[in-house]
Amino acid sequence: MRPYHKNSHNHGSHYLGSKQYSLFKLSGFEVKLDLSWLLLALLVSWTLAAGLFPANYPELSKSIYWWMGIAGALGLFLSIIIHEFSHSVIARLYGMPIRGITLFIFGGVAEMEEEPPSPESEFWMAIAGPIASFALAIIFYLLQIIMEMLSFPISFIGVTNYLSHINLILAIFNLVPAFPLDGGRIFRAGLWKWKNNLIQATWISSRFGSWFGMFLIVLGIFGFIQGNFIGGMWWVLIGSFVRGTAIASYSFLIMHETLFGKPVSRFMKINPVTAPPGITVRKLVDDYFYKYYHNMIPVIEDDHLLGCVTTQDVKGLSPDEWEQCKVKDVMVFCSPDNTVTPDVDSAKVFKTMLRPGACSQMMVVDDDNLLGIVSMTDFNEYLALKMDLEPPL
């Protein structure tokens, strides 16, 4: 079993690609499961049941090894939740909103809405996770000693021994000063305090994160060469994730700082292409989607905005339904999910668009009047131009 990677608290959701399911609430924090975590659970269970436990505790039955593997995976599940919960509790103490805790293939992420307000809050929130993992390692070690004294079955002792070691590995691994690991956040907090510049601190710590990610990728390639396919695969995946998240975290911060305080009306495209509600889906596809290359078209009747229709709304229909259905039958009505007012802060809209399942385009409205459309592409183009003309560092 390879240690999971601790994700950047406020940007982890960008990398959660599959569907998420709510499991339960823990002290007000919603704990969700990304379907990708099931792959991690299966790999952990299989690695423990087929490799680690048979090697360390021979002559047990295959069924016992599998029960130990499942128990170890569940213990890791609990450990990750406690690790992320510790981050969330400290964030709450400093007034930082947390959307919840999500478990996914690389472990877990506490989904933070905003950057920490100060270096001190960054430091305490980041270090809370490793402290929790160290504490769990000690607790499971003491539990192992008690079980040995009371002559518990070796299977019980083996699982607690594994959980003690894996929490120790998690704590140490997360203290590596490579953003977005917890150690990287602690490093960033120190740089932020010293230089009084969050952007510069993020750039330096994210460079360390990028280099560390590349180191893990190279380590994984050597693993492949030496015949350790599973271990090599995990190091390559984790390294790629660390490197990608480090780069994305810096880009996100630059984007947020660039957009902050600017109304969304500054970036919207005025006079967008619109469609009436009475035309067929076939006409919509041929005369709008294929003609203008837009994947979202506002629907207007008598100069009043009714809603919008996207390629996602129509691609599941059969050819016959394209001929028979009207746009009004498949369109989505206006809601806070697809509309914003012109004075809303662009940084807020940008963060909303980044959430899993969110629209990458939004209609800018005043009452039921369409003023324009703003998209992720508009923000990215502005950022690219600004970084070309005014590099932040």
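Pairs needed: first member in the stretch 57-75, closer than 27 Å to Leu103 by Cβ; second member anywhere, open to solvent by 50 Å² or more (accessible area, probe 1.4 Å) and in a helix (DSSP H, G or I); C-beta distance under 8 Å; at least 6 residues apart or different chains.
Tyr65/Ala50; Gly69/Trp46; Gly69/Ala50
To keep it simple, each residue is scored yes or no on (1) assigned to a helix (DSSP H, G or I); (2) closer than 28 Å to Ile82 by Cβ; (3) touching a residue at least 12 places away in the same chain (Cβ under 8 Å); (4) open to solvent by 70 Å² or more (accessible area, probe 1.4 Å).
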residue	(1), (2), (3), (4)
Ile169	yes, yes, yes, yes
Arg188	yes, yes, yes, no
Gln200	yes, no, yes, no
Gly227	no, no, no, no
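Quick check on the stretch 335-356: of everything there that is in a loop (DSSP other than H, G, I, E, B) and closer than 18 Å to Gly307 by Cα, which residue is nearest to the chain's Cα centre (by Cα)?
Here the answer is Asp337.
If you check Phe173, Phe212, which single one turns out to be touching a residue at least 60 places away in the same chain (Cβ under 8 Å) and either surrounded by fewer than 21 Cβ atoms within 10 Å (Cβ to Cβ) or part of a helix (DSSP H, G or I) (or both)?
When all the criteria are applied, what remains is Phe173.
Here's the yes/no breakdown for (1) open to solvent by less than 30 Å² (accessible area, probe 1.4 Å); (2) at pLDDT below 75; (3) part of a loop (DSSP other than H, G, I, E, B):
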{"position": "Leu23", "(1), (2), (3)": "no, yes, no"}
{"position": "Pro54", "(1), (2), (3)": "no, no, no"}
{"position": "Met68", "(1), (2), (3)": "yes, no, no"}
{"position": "Leu74", "(1), (2), (3)": "no, no, no"}
{"position": "Leu78", "(1), (2), (3)": "no, no, no"}
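Could you figure out which of (1) in contact (Cβ under 8 Å) with a residue 60 or more places away in the chain; (2) open to solvent by 70 Å² or more (accessible area, probe 1.4 Å) isn't true of Leu150?
Result: Leu150 passes all but (1).
What number of residues within the stretch 131-147 satisfy the criterion of being of a type outside the set (Ser, Thr, Tyr) and surrounded by fewer than 18 Cβ atoms within 10 Å (Cβ to Cβ)?
8
Are any of the residues in the stretch 361-377 hydrophobic (A, V, I, L, M, F, W, C), over 25 Å from the mean Cα position of the chain (by Cα), closer than 30 Å to Ser249 by Cβ and open to solvent by 70 Å² or more (accessible area, probe 1.4 Å)?
Checking the stretch 361-377: not a single residue is hydrophobic (A, V, I, L, M, F, W, C), over 25 Å from the mean Cα position of the chain (by Cα), closer than 30 Å to Ser249 by Cβ and open to solvent by 70 Å² or more (accessible area, probe 1.4 Å).
Return the residue satisfying two criteria in turn: it lies in the stretch 57-66 and is open to solvent by 70 Å² or more (accessible area, probe 1.4 Å) and part of a loop (DSSP other than H, G, I, E, B), and of such residues it is farthest from Ala41 (Cα to Cα).
Checked the stretch 57-66; the qualifying residue farthest from Ala41 (Cα to Cα) is Glu59.
Do the conditions hold for Ile101, that is, is it out of contact with any Leu (no Cβ under 6 Å at 6 or more places or on another chain) and open to solvent by 10 Å² or more (accessible area, probe 1.4 Å)?
Answer is no for this residue.
Just give me the residues in the stretch 244-262 being open to solvent by 50 Å² or more (accessible area, probe 1.4 Å) and either assigned to a helix (DSSP H, G or I) or at negative phi (or both), in sequence order.
If the condition is that a residue be open to solvent by 50 Å² or more (accessible area, probe 1.4 Å) and either assigned to a helix (DSSP H, G or I) or at negative phi (or both), then Ile247, Ser251, Glu257, Phe260 are the ones that fit.
Got a number for residues in the stretch 269-305 being touching an Asp or Glu at 6+ places or on another chain (Cβ under 8 Å), in a strand (DSSP E or B) and open to solvent by 30 Å² or more (accessible area, probe 1.4 Å)?
3
Residues to consider are Thr352, Thr339; find the one that is free of Cβ contacts under 8 Å to residues at least 40 places away in the same chain, open to solvent by 40 Å² or more (accessible area, probe 1.4 Å) and of a type outside the set (Asp, Glu).
Thr352
Identify, please: which residue in the stretch 207-221 is out of contact with any Pro (no Cβ under 8 Å at 6 or more places or on another chain) and among the small types (Gly, Ala, Ser) and is, among those, nearest to Ser249 (Cα to Cα)?
So the residue we want is Ser210.
The values are calculated or read from the model by the stated rules, or taken from the named source; none is laboratory data. A quick note: this is a predicted structure, and the numbers were derived from the prediction, not measured. In this analysis, Cβ positions are derived from the backbone assuming ideal geometry, glycine residues included, and neighbour counts consider all displayed protein chains. Only protein heavy atoms, including side chains, enter the accessible area calculation; ligands, DNA and RNA are left aside. Shrake-Rupley method; radii C 1.70, N 1.55, O 1.52, S 1.80 Å.
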